[in-house]
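One structure is given below, encoded as C-alpha coordinates.
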Amino acid sequence: MTTKYEFRNIRPEEVDQAIQIEQICFPPNEACSAKSMKERVANAPETFLVAVDKETGKIAGFLNGVATDEDVFRDEFFTDITLHDPSGKNIMLLGLDVLPEYRHQGLAREIMSRYAAREQEKGRKCLYLTCLDNKVEMYKKMGYTDDGISGSLWGGEEWHDMSRKI
(Lines give C-alpha, C1' and ligand atoms only; values in the text may rest on other atoms or scores of the structure.)
Protein backbone atom coordinates (compact mmCIF):
# COMPACT_ATOMS: atom_id res chain seq x y z
CA MET A 1 0.00 0.00 0.00
CA THR A 2 2.72 2.48 0.94
CA THR A 3 4.74 1.82 -2.21
CA LYS A 4 1.85 2.12 -4.67
CA TYR A 5 0.47 5.44 -3.36
CA GLU A 6 1.68 8.79 -2.18
CA PHE A 7 -0.46 10.09 0.70
CA ARG A 8 -0.54 13.88 1.14
CA ASN A 9 -2.62 17.07 1.22
CA ILE A 10 -4.43 18.00 -1.95
CA ARG A 11 -2.81 20.57 -4.26
CA PRO A 12 -4.76 23.47 -5.82
CA GLU A 13 -4.21 22.14 -9.33
CA GLU A 14 -5.92 18.86 -8.35
CA VAL A 15 -9.31 20.41 -7.59
CA ASP A 16 -10.79 19.38 -10.94
CA GLN A 17 -9.75 15.76 -10.33
CA ALA A 18 -11.40 15.87 -6.89
CA ILE A 19 -14.63 17.26 -8.40
CA GLN A 20 -14.66 14.55 -11.06
CA ILE A 21 -13.98 11.76 -8.52
CA GLU A 22 -16.77 13.06 -6.26
CA GLN A 23 -19.21 12.90 -9.20
CA ILE A 24 -18.19 9.28 -9.86
CA CYS A 25 -18.35 8.16 -6.22
CA PHE A 26 -21.60 9.80 -5.10
CA PRO A 27 -25.05 10.12 -6.68
CA PRO A 28 -26.01 13.68 -7.68
CA ASN A 29 -28.21 14.23 -4.60
CA GLU A 30 -25.27 13.41 -2.28
CA ALA A 31 -22.22 14.69 -4.16
CA CYS A 32 -20.41 17.82 -3.14
CA SER A 33 -20.97 20.62 -5.65
CA ALA A 34 -18.05 21.83 -7.76
CA LYS A 35 -18.35 25.22 -6.04
CA SER A 36 -18.14 23.72 -2.54
CA MET A 37 -15.24 21.43 -3.52
CA LYS A 38 -13.31 24.41 -4.91
CA GLU A 39 -13.93 26.33 -1.68
CA ARG A 40 -12.75 23.37 0.44
CA VAL A 41 -9.55 22.92 -1.57
CA ALA A 42 -8.86 26.68 -1.48
CA ASN A 43 -9.61 27.19 2.23
CA ALA A 44 -8.89 23.86 3.93
CA PRO A 45 -6.40 21.82 1.85
CA GLU A 46 -4.85 20.53 5.07
CA THR A 47 -8.07 18.65 5.84
CA PHE A 48 -7.77 16.61 2.63
CA LEU A 49 -5.77 13.43 2.40
CA VAL A 50 -5.28 12.21 -1.14
CA ALA A 51 -3.91 8.86 -2.25
CA VAL A 52 -2.06 9.43 -5.51
CA ASP A 53 -1.30 6.41 -7.69
CA LYS A 54 2.46 6.70 -8.18
CA GLU A 55 2.25 4.93 -11.53
CA THR A 56 -0.28 7.32 -13.10
CA GLY A 57 0.21 10.45 -10.97
CA LYS A 58 -3.57 10.64 -10.58
CA ILE A 59 -5.67 10.69 -7.41
CA ALA A 60 -7.07 7.21 -6.68
CA GLY A 61 -9.03 8.34 -3.64
CA PHE A 62 -9.32 10.99 -0.97
CA LEU A 63 -10.89 11.97 2.33
CA ASN A 64 -11.85 15.51 3.22
CA GLY A 65 -13.40 17.36 6.09
CA VAL A 66 -13.54 20.57 8.06
CA ALA A 67 -12.12 21.31 11.50
CA THR A 68 -14.44 22.69 14.18
CA ASP A 69 -14.98 22.82 17.92
CA GLU A 70 -18.55 21.62 17.35
CA ASP A 71 -19.41 18.01 18.15
CA VAL A 72 -22.67 17.51 16.28
CA PHE A 73 -22.65 16.94 12.53
CA ARG A 74 -24.86 19.34 10.59
CA ASP A 75 -25.54 19.73 6.88
CA GLU A 76 -24.06 23.24 6.76
CA PHE A 77 -20.58 21.70 7.04
CA PHE A 78 -21.05 20.42 3.49
CA THR A 79 -21.72 23.84 2.00
CA ASP A 80 -20.34 26.59 4.29
CA ILE A 81 -16.54 26.67 4.33
CA THR A 82 -16.61 29.58 6.80
CA LEU A 83 -17.46 26.96 9.47
CA HIS A 84 -13.90 25.60 9.06
CA ASP A 85 -11.76 26.52 12.08
CA PRO A 86 -8.16 25.40 11.44
CA SER A 87 -7.57 25.13 15.19
CA GLY A 88 -10.80 23.18 15.84
CA LYS A 89 -10.52 20.17 18.12
CA ASN A 90 -12.70 17.93 15.91
CA ILE A 91 -12.99 17.03 12.25
CA MET A 92 -16.30 16.63 10.45
CA LEU A 93 -15.52 14.21 7.64
CA LEU A 94 -17.39 15.23 4.50
CA GLY A 95 -16.50 12.56 2.00
CA LEU A 96 -14.48 9.41 1.48
CA ASP A 97 -14.00 8.84 -2.24
CA VAL A 98 -12.23 5.89 -3.86
CA LEU A 99 -12.47 5.39 -7.62
CA PRO A 100 -14.15 2.08 -8.57
CA GLU A 101 -10.99 0.59 -10.08
CA TYR A 102 -9.16 1.03 -6.74
CA ARG A 103 -11.87 -0.42 -4.50
CA HIS A 104 -11.70 -3.70 -2.54
CA GLN A 105 -7.93 -3.36 -2.06
CA GLY A 106 -7.93 -1.74 1.39
CA LEU A 107 -7.35 1.80 0.12
CA ALA A 108 -10.36 3.35 1.91
CA ARG A 109 -9.26 1.77 5.20
CA GLU A 110 -5.67 2.99 4.65
CA ILE A 111 -6.81 6.55 3.91
CA MET A 112 -9.06 6.56 6.99
CA SER A 113 -6.29 5.17 9.21
CA ARG A 114 -3.65 7.62 8.01
CA TYR A 115 -6.09 10.50 8.33
CA ALA A 116 -6.91 9.62 11.95
CA ALA A 117 -3.21 9.31 12.83
CA ARG A 118 -2.38 12.64 11.17
CA GLU A 119 -5.20 14.49 12.90
CA GLN A 120 -4.32 12.93 16.25
CA GLU A 121 -0.78 14.30 15.82
CA LYS A 122 -2.35 17.73 15.28
CA GLY A 123 -4.11 17.41 18.64
CA ARG A 124 -7.60 16.71 17.32
CA LYS A 125 -9.93 14.84 19.68
CA CYS A 126 -12.63 13.25 17.54
CA LEU A 127 -13.62 12.47 13.96
CA TYR A 128 -17.30 12.62 12.99
CA LEU A 129 -19.06 11.44 9.86
CA THR A 130 -22.45 10.51 8.54
CA CYS A 131 -23.08 7.43 6.45
CA LEU A 132 -25.90 5.45 4.97
CA ASP A 133 -27.09 2.27 6.69
CA ASN A 134 -25.14 0.01 4.30
CA LYS A 135 -21.80 1.60 5.32
CA VAL A 136 -22.23 1.42 9.12
CA GLU A 137 -20.46 -1.94 9.49
CA MET A 138 -17.55 -0.81 7.31
CA TYR A 139 -16.97 2.23 9.52
CA LYS A 140 -17.38 0.17 12.71
CA LYS A 141 -14.50 -2.01 11.48
CA MET A 142 -12.45 1.20 11.19
CA GLY A 143 -13.06 2.06 14.84
CA TYR A 144 -16.13 4.28 14.57
CA THR A 145 -19.13 4.11 16.89
CA ASP A 146 -22.67 4.27 15.51
CA ASP A 147 -24.27 7.16 17.39
CA GLY A 148 -27.73 6.59 15.89
CA ILE A 149 -29.81 8.26 13.22
CA SER A 150 -28.46 11.65 12.25
CA GLY A 151 -30.31 14.93 12.10
CA SER A 152 -28.76 15.32 8.65
CA LEU A 153 -31.20 15.51 5.77
CA TRP A 154 -28.45 15.75 3.13
CA GLY A 155 -29.58 14.41 -0.23
CA GLY A 156 -32.98 13.44 1.19
CA GLU A 157 -31.43 10.33 2.78
CA GLU A 158 -31.49 8.87 6.29
CA TRP A 159 -27.96 8.96 7.73
CA HIS A 160 -26.19 7.49 10.73
CA ASP A 161 -24.00 9.72 12.88
CA MET A 162 -20.69 8.02 13.59
CA SER A 163 -17.72 9.12 15.67
CA ARG A 164 -14.21 8.01 16.53
CA LYS A 165 -12.20 9.41 19.41
CA ILE A 166 -8.54 9.81 18.51
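Working note: Karplus 6.51/-1.76/1.60 with θ = phi - 60° gives the range 145-156 the couplings 9, 7, 8, x, 5, 7, x, 5, 10, 3, x, x Hz, where Gly and Pro are set to x.
Once both labels are positioned 7 Å from their Cα atoms along Cα-to-Cβ, the gap between K125 and E137 label points is 3.3 nm.
Summing +1 for each Lys or Arg and -1 for each Asp or Glu, what net charge is found among the other residues whose Cβ lies under 10 Å from the Cβ of L127?
Details: positive: R124, K125, R164, K165; negative: E119.
Net charge around L127: +3.
Considering Cα pairs under 8 angstrom that are at least six residues apart, work out the relative contact order of the chain and quote it in whole percent. The value is 20 percent. For the range 95-166, the relative contact order comes to 32 percent (Cα pairs under 8 Å, sequence separation of at least 6).
Quarter the surface of the alpha carbon convex hull of the chain and you get the mean projected area, 8.7 square nanometres.
Around F7, what is the net charge, scoring Lys/Arg as +1 and Asp/Glu as -1 over all other residues with Cβ under 11 Å from its Cβ? Numbers along the way, then the final one.
Numbers: positive: K4, R8, K54, R114, R118; negative: E6, E110.
Its environment carries a net charge of +3.
With the convex hull of the Cα atoms taken as the outline of the range 74-166, the averaged projected area works out to 6.3 nm².
Computed from backbone phi with θ = phi - 60° and the Karplus coefficients 6.51, -1.76 and 1.60, the 3J(HN,Hα) list for the range 96-107 is 10, 10, 9, 4, x, 6, 10, 6, 6, 10, x, 5 Hz; x is used for glycine and proline.
Heavy-atom accessible surface of T68, to the nearest 10 Å², is about 10 Å², with a 1.4 Å probe and all protein chains retained.
Heavy-atom accessible area for I91, with the other protein chains in place and a 1.4 Å probe, reaches approximately 0 Å². All other residues whose Cβ lies under 15 angstrom from that of E70 are scored, Lys and Arg at +1 and Asp and Glu at -1, for a net of -4.
The values are calculated or read from the model by the stated rules, or taken from the named source; none is laboratory data. Note that this is a predicted model, so its numbers are computed, not measured. Positions of Cβ are generated from backbone atoms using ideal geometry, with glycine treated the same way; all protein chains shown enter the neighbour counts. Ligands, DNA and RNA are stripped out before the accessible areas are found, and what is left, the full protein with its side chains, is counted by its heavy atoms. Shrake-Rupley method; radii C 1.70, N 1.55, O 1.52, S 1.80 Å.
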